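Colleague: Next up is a structure, given as structure tokens.
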Amino acid sequence: MSTSEANDRIFKALASPIRRAILDVLKDRPQTTGALCAEFPALDRCTVMQHLKVLEKADLVIGKRDGRERWNHLNPLPIKQIHDRWIGPYAARAVGMLQQIKGDLED
């Protein structure tokens, strides 16, 4: 898969408020699929699993089986790669400008 295809999958996954909410739940600790379903009572199990599938295809969630349970783990690396590519350079420039302002004010 090309980098462009991978980025498209990541942005598609992040476009959904439900999928972002799932990632928010997983950022604290891994969850079983059943526990995630309980976090979203307005959704049926099948819908939660479909969202998890999209997140897995984007490599944002890693699912691991442990007996009858399936544990879902957040994989933050794709988000970091997006940050490094699109946000990092602007943030570095902003920090540099703040340092310059601080220096100007101290003089």
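Colleague: I'd like to know if region 3-19 contains one or more residues that are in contact with a strand residue (DSSP E or B) (Cβ under 7 Å, 6 or more places away or on another chain) and part of a helix (DSSP H, G or I).
Modeller: We begin by selecting, within region 3-19, every residue in contact with a strand residue (DSSP E or B) (Cβ under 7 Å, 6 or more places away or on another chain); these are none.
No: region 3-19 contains no residue that is in contact with a strand residue (DSSP E or B) (Cβ under 7 Å, 6 or more places away or on another chain) and part of a helix (DSSP H, G or I).
Colleague: Of all residues in region 1-40, which are among the aliphatic types (A, V, I, L, M) and within 13 Å of residue 57 (Cα to Cα)? Outline the logic, then answer.
Modeller: So in region 1-40, the residues among the aliphatic types (A, V, I, L, M) come out as 1, 6, 10, 13-15, 18, 21-23, 25-26, 35-36, 38.
Matches in region 1-40: 1, 6, 10, 13, 14.
Residue by residue, here is whether (1) assigned by TED's automatic domain parsing to the domain that holds residue 26; (2) touching a residue at least 40 places away in the same chain (Cβ under 8 Å); (3) surrounded by 10 or more Cβ atoms within 10 Å (Cβ to Cβ) holds:
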{"position": "45", "(1), (2), (3)": "yes, no, yes"}
{"position": "48", "(1), (2), (3)": "yes, no, yes"}
{"position": "53", "(1), (2), (3)": "yes, no, yes"}
{"position": "64", "(1), (2), (3)": "yes, no, yes"}
{"position": "67", "(1), (2), (3)": "yes, no, no"}
{"position": "71", "(1), (2), (3)": "yes, yes, yes"}
{"position": "82", "(1), (2), (3)": "no, yes, yes"}
{"position": "85", "(1), (2), (3)": "no, no, yes"}
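Colleague: Any chance you could count how many residues in region 22-31 are loosely packed, with under 14 Cβ neighbours inside 10 Å and assigned to a helix (DSSP H, G or I)? Steps first, please.
Modeller: We begin by selecting, within region 22-31, every residue loosely packed, with under 14 Cβ neighbours inside 10 Å; these are 24, 27-29.
If we keep only those that are assigned to a helix (DSSP H, G or I) too, we end up with 24, 27-28.
So the count comes out to 3.
Colleague: Of the residues that sit in region 55-107 and are among the polar types (S, T, N, Q) and under 17 Å from residue 11 (Cα atoms), which one is modelled with the lowest pLDDT?
Modeller: Start the filter on region 55-107 by keeping residues that are among the polar types (S, T, N, Q), which leaves 72, 75, 81, 99-100.
Filter once more, keeping what is under 17 Å from residue 11 (Cα atoms): 75, 81.
Values: 75: 97, 81: 89.
It comes out as 81.
The values are calculated or read from the model by the stated rules, or taken from the named source; none is laboratory data. Predicted model, so just to flag it, every value in this text is computed and none were measured. We place every Cβ from the backbone using ideal geometry, glycine too, and count neighbours over all the protein chains shown.
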